[in-house]
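Contents: one structure, followed by commentary.
The values are calculated or read from the model by the stated rules, or taken from the named source; none is laboratory data. Quantities reported herein were computed from a predicted structural model and do not represent experimental measurements. Note: ideal-geometry Cβ built from the backbone for every residue, glycine included; neighbour counts use all protein chains shown. Ligands, DNA and RNA are excluded from the accessible area calculation, which covers all protein heavy atoms including side chains. Shrake-Rupley method; radii C 1.70, N 1.55, O 1.52, S 1.80 Å.
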Amino acid sequence: MNIKQYSILKEYEPQMTTALNGNYARALGSQSREKLAVVYKEIFNRDSGFISGCGSCILKNLKELAVPYFEFQEKLKSRKNKDDGTEE
C-alpha cells in the first residue's frame, strides 16, 4: 500500500471498521464503490466485487482492504512516534 491508496481508503475507515468488527457493511454509493474497486485492483492485482458484486462480496472486499489499510496505519503511527521520540 502506498500513501495515495491510504489517503483514498481513509475516507472509508468507518466502513472498514464496521466490516471487520461488526461483520456488516452499509450501502456504498456507486462513486464510492468505483474508487474502492480501483484501489482494490491496485493492491491485490485482481478485480473486486465492488462494482457488480452482491452485498456479501462487498463486505468480503471491505474486510480484505481493511487488513493492509490498518497495518499501514500502524506503520505510520509507529514511524511518527519514532520521529517524535514518543515510541511506545
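Of all residues in region 60-76, those satisfying the criterion of being open to solvent by 30 Å² or more (accessible area, probe 1.4 Å) and not aromatic (F, W, Y) are K60, K63, E64, V67, E71, E74, K75, L76. For Q15, state whether it is assigned to a helix (DSSP H, G or I), among the polar types (S, T, N, Q) and without any contact (Cβ under 8 Å) to a residue 12 or more places away in the chain. For Q15, the condition - assigned to a helix (DSSP H, G or I), among the polar types (S, T, N, Q) and without any contact (Cβ under 8 Å) to a residue 12 or more places away in the chain - is not met. On inspection, A27 passes the criterion of being small (G, A, S) and at pLDDT below 95. Under the condition of being in contact with a helix residue (DSSP H, G or I) (Cβ under 6 Å, 6 or more places away or on another chain) and modelled with pLDDT under 95, the residues counted in region 52-87 number 1. Of all the listed residues (Y6, Y24, Y40), the sole one being open to solvent by 70 Å² or more (accessible area, probe 1.4 Å), of a type in the set (F, W, Y) and either touching a residue at least 24 places away in the same chain (Cβ under 8 Å) or part of a helix (DSSP H, G or I) (or both) is Y24. Could you grab me the full set of residues in region 27-37 that are open to solvent by 80 Å² or more (accessible area, probe 1.4 Å) and either touching a residue at least 12 places away in the same chain (Cβ under 8 Å) or of a type in the set (A, V, I, L, M) (or both)? A27, E34, K35 - these are the residues of region 27-37 that are open to solvent by 80 Å² or more (accessible area, probe 1.4 Å) and either touching a residue at least 12 places away in the same chain (Cβ under 8 Å) or of a type in the set (A, V, I, L, M) (or both).
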